[in-house]
Amino acid sequence: MSERSERPGRHSARQEILDRVRKAVEGAAEVEIPRDYRMTIPRDDLVAHFAERVDDYRAIVHVVPAAEVPALVAEVTKGKRMIVPGGAAFAVGQAVPEDELLSADGVVTGCAVAIAETGTIVLDAGPDQGRRALTLVPDYHLCVVRADQIVSGVPEAVARLDPARPLTWISGPSATSDIELNRVEGVHGPRTLEVIVST
């Protein structure tokens, strides 16, 4: 047992509070919670809006036709030691195995869904994304997003995702600020995020 759970009276105080709540709502009528909030945000061009938002986060973004994606991936990873998860069909500068995570220059992945309104990319550890550590440890993350994976807002993205999967939500390069509000990038993930949107 942890020290926290052994504190005297902890369980009894918790139980007492829960008992009071149950007693207070006993016999109360069931209330239907309305779920009529806006599920989509109308946008004329989701790709352009997503690219603009990603750029706002200080990420590098390219919007190219699908046929140009392989050449662009090869170009931006030239000379880099890159991890490519098993399900991703990308040719890179130099592919390295996943067990060389600490010495890799970066990782190239796909995504599960992308959100135009927030410029967010969501990973769910799918075959073209690999395990979560692959996108948190290397200093560089190249993500290829297909146009059909872009939705307008968060509710649409959530509807497409499986909540049982490990989800990583990425909005720009990893960044934090110290007490004086000095921005520091790369502390909790990649310092550089590059996104290729395939149209």
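The values are calculated or read from the model by the stated rules, or taken from the named source; none is laboratory data. Model, not experiment: these values are computed from the prediction. Note: ideal-geometry Cβ built from the backbone for every residue, glycine included; neighbour counts use all protein chains shown. Keep in mind that these areas ignore ligands, DNA and RNA; they rest on the heavy atoms of the full protein, side chains included. Shrake-Rupley method; radii C 1.70, N 1.55, O 1.52, S 1.80 Å.
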Of the residues in segment 95-123, those that are part of a loop (DSSP other than H, G, I, E, B) and open to solvent by 10 Å² or more (accessible area, probe 1.4 Å) come to P97, A104, D105, A112, E117, T118
Considering only segment 129-136, I want to know if a residue exists there that is closer than 15 Å to A59 by Cβ, modelled with pLDDT under 95 and either more than 12 Å from the chain's Cα centre (by Cα) or not aliphatic (A, V, I, L, M) (or both). yes
For D44, which of the numbered conditions (1) at pLDDT below 95; (2) open to solvent by less than 50 Å² (accessible area, probe 1.4 Å) fails to hold? (2)
Condition met for V73 (open to solvent by less than 40 Å² (accessible area, probe 1.4 Å) and under 29 Å from E156 (Cβ atoms)): yes
Would you check which residues across segment 81-94 are crowded, with 19+ Cβ neighbours inside 10 Å and farther than 18 Å from H62 by Cα and list them? M82, I83, V84, P85, A88
